[in-house]
């Protein structure tokens with residue numbers, strides 16, 4: 001019996017090119033390569049046409065594209081400006097004014113809006129109280145709400161007019177948990193301010209907060225898909241953000257609670273928003 | 001076509017073909033593999049700058065990778081017997097190594113061929129099939145045992 005090596009030699013040495021392997025393979029390679037070159041040329045042509053078209057469109061519509069990008073960038077934007085060691089937090093509204101229904105009869109504050117720590121009583125005749133649903137219908141706008149208290153009422157805190165047109169409106173919920181009547185210290189005090197700058201307003205920014213650099217923290221509010229800022233005070237937190245051209249500021253006061261409790265409250269509040 | 005490519009092709013095309021055949025025992029699959037391997041060389045022309053031995057090893061490595069892809073196809077086909085049209089030697093010849101190798105699992109075929117026919121050592125085979133030297137030793141030893149058993153059964 002032959003050994004394995006001899007068997008391999010004797011059998012595989014017999015294998016010859018009996019099927020035009022040489023020609024067939026060269027033919028195959030040439031065919032496949034020329035097909036590949038053709039495809040490359042087609043891809044190159046398509047890419048060139050696409051790039052030329054893109055460049056052309058970009059040149060012709062440069063202004064429109066810039067404006068679209070700018071408006072997209074400005075949408076829901078809130079910005080902090082550095083001024084020495086201080087930060088000036090303001091919403092950018094110069095190009096983001098909102099059109100509201102002006103044929104409304106809102107009850108403007110008739111007396112000083114200083115009502116101390118508790119804020120105005122629901123029966124305070126100086127102020128007009130509105131639910132968010134009422135405001136949405138009256139002004140033809142959409143407001144964010146908190147799952148924590150959907151029924152809280154807001155007062156018209158400030159209204160500015162020009163030629164019988166509202167230029168800005170500020171609404172305030174003095175305590176979104178409605179605890180001002182009960183002095184319930186187990187619940188933190190959360191004040192909500194809503195700033196609406198109408199298309200008759202000519203100012204650049206309406207909400208401002210001056211804070212030390214290290215006190216300002218940028219956040220992303222998942223529930224609203226928008227960015228915002230938190231200004232951290234010793235006994236309070238302020239949350240700033242803009243949704244659909246309306247600016248919101250939530251101020252959370254500790255009522256003697258710890259900083260950890262405050263941060264937990266911020267977190268709870270942020271996750272409770274719905275739009 | 002490039003002169004160096006033609007020179008390399010002429011020199012090694014049967015070596016690549018035989019390696020593919022030692023694994024698949026199919027003329028058709030071996031020819032397909034041969035075409036794919038040399039097409040890859042044709043589009044990777046910088047390989048042609050290597051020396052002849054290195055080019056041959058590169059071709060073998062590509063061929064073994066192509067054969068791994070073929071492996072799945074072969075498993076589906078379930079070759080149990082040699083087909084008269086696919087083999088080169090006399091089908092009825094009792095001591096044809098093809099009759100024995102067809103019953104050896106695929107993983108042992110390349111190492112056995114590279115060792116016994118091409119004369120590569122274990123270190124070289126480990127680089128060609130991208131396995132450790134101990135894995136190659138084990139495959140050669142088991143492959144050899146299986147082959148011997150097949151030959152003894154045939155006596």
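Readers should treat all values here as calculations from the given coordinates under stated rules, not as data from a laboratory. Quick caveat: nothing in here was measured; it's all calculated off a predicted structure. Glycine also receives a Cβ, built like all others from the backbone with ideal geometry; neighbour counts cover every protein chain displayed.
By the count of neighbouring beta-carbon atoms within 10 Å, fewest first, A:164, A:193 end up ordered A:164, A:193.
Peptide A:8-21 has a mean shielding of 6, counted as Cβ atoms of other protein chains within 10 Å of each residue's Cβ.
Peptide B:114-127 shows a mean partner chain C-beta count of 2 within 10 Å per residue C-beta. Taking the Cα atoms of region A:1-69, the ratio Rg/Rh between the radius of gyration and the Kirkwood radius comes to 1.60. Assuming a ≥ b ≥ c are the square roots of the Cα gyration tensor eigenvalues, decide whether region B:107-153 counts as rounded (a/c under 1.5), prolate (otherwise, with a/b larger than b/c) or oblate. The shape class here is prolate. Each of A:66, A:167 was scored by other Cβ atoms within 10 Å of its Cβ. Arranged with the fewest first, they read A:66, A:167.
The overall shape of region B:10-53, judged from the alpha-carbon gyration tensor, is prolate: a/c is not under 1.5, and a/b is greater than b/c.
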